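Below is one structure, written out as structure tokens; comments come after it.
The values are calculated or read from the model by the stated rules, or taken from the named source; none is laboratory data. In this text the structure is predicted, and so the values were computed from the model without any measurement. For neighbour counting, all protein chains shown are included, and Cβ atoms are generated from backbone atoms with ideal geometry for every residue, glycine included.
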Amino acid sequence: MRFVMEAYRQQRRRLRLEQWLLLAVRCVLIALIAVGVARPMFGGGAAGGERGSREVYLLVDNGIASATAAPGSDGEAASELAVSVERALGQLRGLDPARGDRAALISLGGPARGVVLPATADMGAGGAAAA
């Protein structure tokens, strides 16, 4: 009976060790997947730290509700539409057509319609349409 109990304890220790190893392998696998998904955030996507071209779609709500006044960044009341347009223009200023960046503008008042579609590298067209 003593040998059976000793064999049972060894079997139980071995199973416990296998379970811990399996848990460790699963945790490492999840960590590797997380690092793989987060890689674009760390800038590992392009060689030499250069980024590729971007295509940005700006959605501006120019409906009736966007005409309501909201406090602006300077404390003055501004309409939601004016705030949205200013943000869109800020995004356009951050694009670089020389790198191949392109932008499109879609208005969401009523049925959504493309104001500047397809995306274009002419940032002046997007800025003029947004303003």
* To do: Would you check if there is a residue in the range 76-85 being exposed (fewer than 14 other Cβ atoms within 10 Å of the Cβ) and modelled with pLDDT of 75 or more?
  => no
* To do: State which residue is farthest from G109 (Cα to Cα) when the search covers only the range 42-75 and only residues that are acidic (D, E) and modelled with pLDDT of 75 or more.
  => E55
